[in-house]
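The values are calculated or read from the model by the stated rules, or taken from the named source; none is laboratory data. The shown structure was predicted, so the numbers you read here are calculated from the model rather than taken from an experiment. Because the Cβ atoms are built from the backbone with ideal geometry, glycine has one as well, and the counts that use them run over all protein chains shown. These area figures cover heavy atoms from the full protein model, side chains too; ligands, DNA and RNA do not enter into them. Shrake-Rupley method; radii C 1.70, N 1.55, O 1.52, S 1.80 Å.
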Protein chains: 2
Amino acid sequence: VRGRFITLEGGEGAGKSTQARALTARLAAAGLPVLRTREPGGSAGAEAVRGLLLGRSWDPLAELALHFAARREHWAGSIAPALAAGVWVVCDRFFDSTLAYQCGGQGAPRAAWEGLRAALLPGVAPDLTLLLDLPVEAGLARAAARGEENRYERLGAGFHGRVREAFLAAAAAEPDRFAVLDAAAPAAAVAVAAWDAVTARLGLS
Amino acid sequence: VRGRFITLEGGEGAGKSTQARALTARLAAAGLPVLRTREPGGSAGAEAVRGLLLGRSWDPLAELALHFAARREHWAGSIAPALAAGVWVVCDRFFDSTLAYQCGGQGAPRAAWEGLRAALLPGVAPDLTLLLDLPVEAGLARAAARGEENRYERLGAGFHGRVREAFLAAAAAEPDRFAVLDAAAPAAAVAVAAWDAVTARLGLS
């Protein structure tokens with residue numbers, strides 16, 4: 001039996017990594033083989049592209065293409081073989097992040113995102129996407145408290161507001177694929193809500 | 001006035017670099033500002049992607065995406081600004097090479113090439129493409145005589161035959177954009193034929 005493909009999405013400080021670990025442990029405890037991975041990166045070739053992305057500034061469409069090149073490599077080299085072998089895959093960020101950050105936040109054309117998705121990942125979509133939704137100020141405060149600052153955190157509340165709106169619009173457009181979780185709740189409560197979504201949507205008990 | 005965009009295409013040993021230099025000199029002698037460039041590479045970001053492409057093996061669609069990411073960067077950072085400034089651009093290889101080598105030669109899906117082209121280079125096409133056509137054996141013998149061996153030259157006559165067929169099919173499909181030149185002729189004669197094509201197609205005298 002093919003494994004199931006679950007992605008976690010959301011802005012900075014939403015707790016995706018924590019929830020990815022918790023969900024992976026819960027699936028493993030249920031006796032399922034499970035691979036936890038993340039983007040950008042997730043495979044050797046994809047990590048090499050990530051280094052290139054961070055090393056210099058790019059034309060917006062070239063940047064979009066590099067994100068999708070890394071994602072295609074991650075998909076073909078890691079995610080697809082795992083799913084085919086019956087492994088469940090929990091992935092911290094996938095193509096919805098590119099739509100939210102590069103198109104929603106930075107203004108890259110959505111048509112290019114759609115074209116790249118269709119050309120490079122035909123027929124590919126997560127079975128379930130958990131959107132960890134959080135007000136922008138709360139997420140940035142959490143990320144700052146962790147001592148993290150990446151290139152997106154410097155971009156200001158306007159940028160992050162557009163990212164949040166883009167995620168919510170994607171969830172509204174595909175309610176069967178997305179479950180929106182209140183990431184302002186304590187981590188343990190979010191984990192319960194995430195597990196409820198997984199069992200209800202993917203037929204676990 | 002916008003400059004004109006001329007690309008040179010063809011298989012190994014067809015003499016593209018020689019003809020690119022000769023054409024550039026001829027355009028400059030006619031008083032036109034001209035930029036000579038090449039792919040893969042042609043700009044700093046595109047060169048960085050080229051290094052990544054050569055450094056490891058890739059999923060075929062990821063490789064296609066990397067070629068187009070480099071090309072988008074080359075276009076946006078070098079070619080488009082030059083054309084907008086009235087400079088003529090002579091480019092040794094462009095997207096027809098990806099169609100011939102990755103799709104024709106290596107079997108990557110043509111639909112992905114079309115999708116990437118539409119997503120990343122909407123509305124972009126050379127004003128004139130000079131296809132330097134040569135029987136496969138002659139081209140490989142010339143490349144070997146130069147002491148060159150790249151990763152394509154090792155792939156054998158079957159591969160290069162498919163590359164040649166793909167170039168000729170592209171030329172047949174777009175006769176207004178392509179001029180097919182007999183690259184088995186002496187270099188000086190090819191240069192005359194190339195200049196005839198440029199003057200006839202692009203309205204120089």
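For the stretch A:167-197, name all the residues that are open to solvent by 50 Å² or more (accessible area, probe 1.4 Å) and in a loop (DSSP other than H, G, I, E, B).
Of everything in the stretch A:167-197, those that are open to solvent by 50 Å² or more (accessible area, probe 1.4 Å) and in a loop (DSSP other than H, G, I, E, B) turn out to be A:Glu174, A:Pro175, A:Asp176, A:Ala184, A:Pro186.
Check A:Ala70, A:Ala46, A:Ala65, A:Ala108 and return the single one that is within 23 Å of B:Ile79 (Cβ to Cβ) and touching an Asp or Glu at 6+ places or on another chain (Cβ under 8 Å).
None of the other options fit; the residue is A:Ala108.
For the stretch B:109-166, give me the residue count where each residue is open to solvent by less than 60 Å² (accessible area, probe 1.4 Å) and among the charged types (D, E, K, R).
Number of matching residues: 4.
Quick one: which residue in A:Ala84, A:Ala112, A:Ala108 is touching a residue at least 12 places away in the same chain (Cβ under 8 Å), farther than 24 Å from A:Ala194 by Cβ and more than 14 Å from chain B (Cβ to nearest Cβ)?
Just a single option satisfies the conditions, and that option is A:Ala84.
Scan the stretch A:150-160 and give yes if some residue there is within 19 Å of A:Pro40 (Cα to Cα) and touching a Leu at 6+ places or on another chain (Cβ under 7 Å), otherwise no.
For the stretch A:150-160, residues within 19 Å of A:Pro40 (Cα to Cα) and touching a Leu at 6+ places or on another chain (Cβ under 7 Å): present.
Of all residues in the stretch B:87-104, which are of a type outside the set (Val, Ile, Thr) and within 14 Å of chain A (Cβ to nearest Cβ)? Reasoning before the result, please.
Restricting attention to the stretch B:87-104, the residues satisfying the condition of being of a type outside the set (Val, Ile, Thr) are B:88, B:91-97, B:99-104.
Within the stretch B:87-104, B:Phe95, B:Leu99, B:Gln102, B:Cys103 meet the criteria.
Could you list all residues from the stretch B:33-66 that are at the interface with another protein chain (Cβ under 9 Å from one of its Cβ atoms), outside any helix (DSSP H, G or I) and open to solvent by less than 40 Å² (accessible area, probe 1.4 Å)?
Result: B:Trp58, B:Asp59.
Hey, among B:Gly42, B:Gly3, B:Gly11, which residue is closer than 24 Å to B:His160 by Cβ and in contact with a Gly (Cβ under 6 Å, 6 or more places away or on another chain)?
Criteria check complete, one pass: B:Gly11.
Taking into account only those residues within the stretch A:1-30 that are small (Gly, Ala, Ser), in contact (Cβ under 8 Å) with a residue 12 or more places away in the chain and assigned to a helix (DSSP H, G or I), which is surrounded by the fewest Cβ atoms within 10 Å (Cβ to Cβ)?
Residues of the stretch A:1-30 that are small (Gly, Ala, Ser), as a first pass: A:3, A:10-11, A:13-15, A:17, A:20, A:22, A:25, A:28-30.
Those still in the list that are in contact (Cβ under 8 Å) with a residue 12 or more places away in the chain too: A:3, A:10-11, A:13-15, A:17, A:20, A:22, A:30.
Narrowing the set further to residues that are assigned to a helix (DSSP H, G or I) leaves A:17, A:20, A:22.
Working: A:Ser17: 13, A:Ala20: 22, A:Ala22: 19.
It comes out as A:Ser17.
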